1. Take every Cα pair under 8 Å in the chain that's 6+ residues apart, average their separations, divide by the length, and report that relative contact order as a whole percent.
2. Grab the beta carbon distance between Arg135 and Asp94, set R0 = 41 Å, and tell me the FRET efficiency rounded to 0.05.
3. Given 0.36 nm per residue, what is the gain on full extension from Glu177 to Thr159 after removing their alpha carbon distance, in nm?
4. Could you compute the FRET efficiency for Leu79 and Glu152, with r as their C-beta to C-beta distance and R0 at 25 Å, rounded to 0.05?
5. Stretch Tyr59-Ala111 to full length: gain in nm at 0.36 nm per residue minus the Cα-Cα span?
6. Once you order the gyration tensor axes a ≥ b ≥ c over the Cα atoms, which shape class does the chain get: rounded for a/c under 1.5, otherwise prolate or oblate by comparing a/b with b/c?
Amino acid sequence: MLAGGLGTRLGPRTERVAKSLIEIAGRPFVDWQLGRLRQAGFQRVLLCIGHLGESIAQYVQDGSRFDLRVTYANDGPRLLGTAGALRQALDQLDPTFLVTYGDSYLPFDYAAPLRDLDAHPDALGTMSVFENDGRWDASNTAVRGERVLCYEKGTRDPTFNHIDYGALALRREVIAELPLGVPCGLDSVQTRLAAAGSLRALVARTRFYEIGSEAGIGDLEAALRSGKLEES
């Protein structure tokens, strides 16, 4: 799980508190995330940390109270980006593994992208997508059937009607090809795999939630307090 970002869109809220530790519906956000991962059957979680990462590690510790085994990889003195952080932690990655973001809450089966990738040895990754049509954020993905045709962060192309949902299964070899210690984003990896025809699409049916903005926090808190998400 990638939890090393600065959280700049939240302003003063994240100057002294890591985004993962922001209280959401009465609990630190990481509690909700780890609970979802355990519910999906995961037993081990790697937290890639950076900004205020020590406070996350002090809170989560070894993960035993979540019935998980949690380990850590720290970016070091400079942030390495989402893919660079994974390259730094290469020796802790399984041959196939799931990546999710430290500010996303996904009401779906987090293990589904991994199962799909394991069932399709011809693919290098399986990306969860949502038919967004620009509703919750800018759509960035073009999908045809079970393939991601194109992924372009920041595009305004109206033919891109899906969005990266926030759970991506990859083969370790994809990350091993990246240069060590060089900042790099997962978006560039996803763009390359899609262009090569190596990225599968797994469609999620329920909208995603995020805590990267105040509006996102409000939506998630309302949904969690309603009790509906825990049934998803």
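1. Averaging sequence separation for qualifying contacts and normalising by length gives 23 percent for the chain.
2. 0.75
3. Computed gain between Glu177 and Thr159 is 3.4 nm.
4. For Leu79 and Glu152, the calculated efficiency is 0.65.
5. Extra length available between Tyr59 and Ala111 comes to 16.2 nm.
6. rounded
No lab work stands behind these numbers, since they all come straight from the coordinates. Predicted model only: the values in this text are computed from it and were never measured. When we count neighbours, we look across all protein chains shown, and the Cβ atoms used for this are built from the backbone with ideal geometry, even at glycine.
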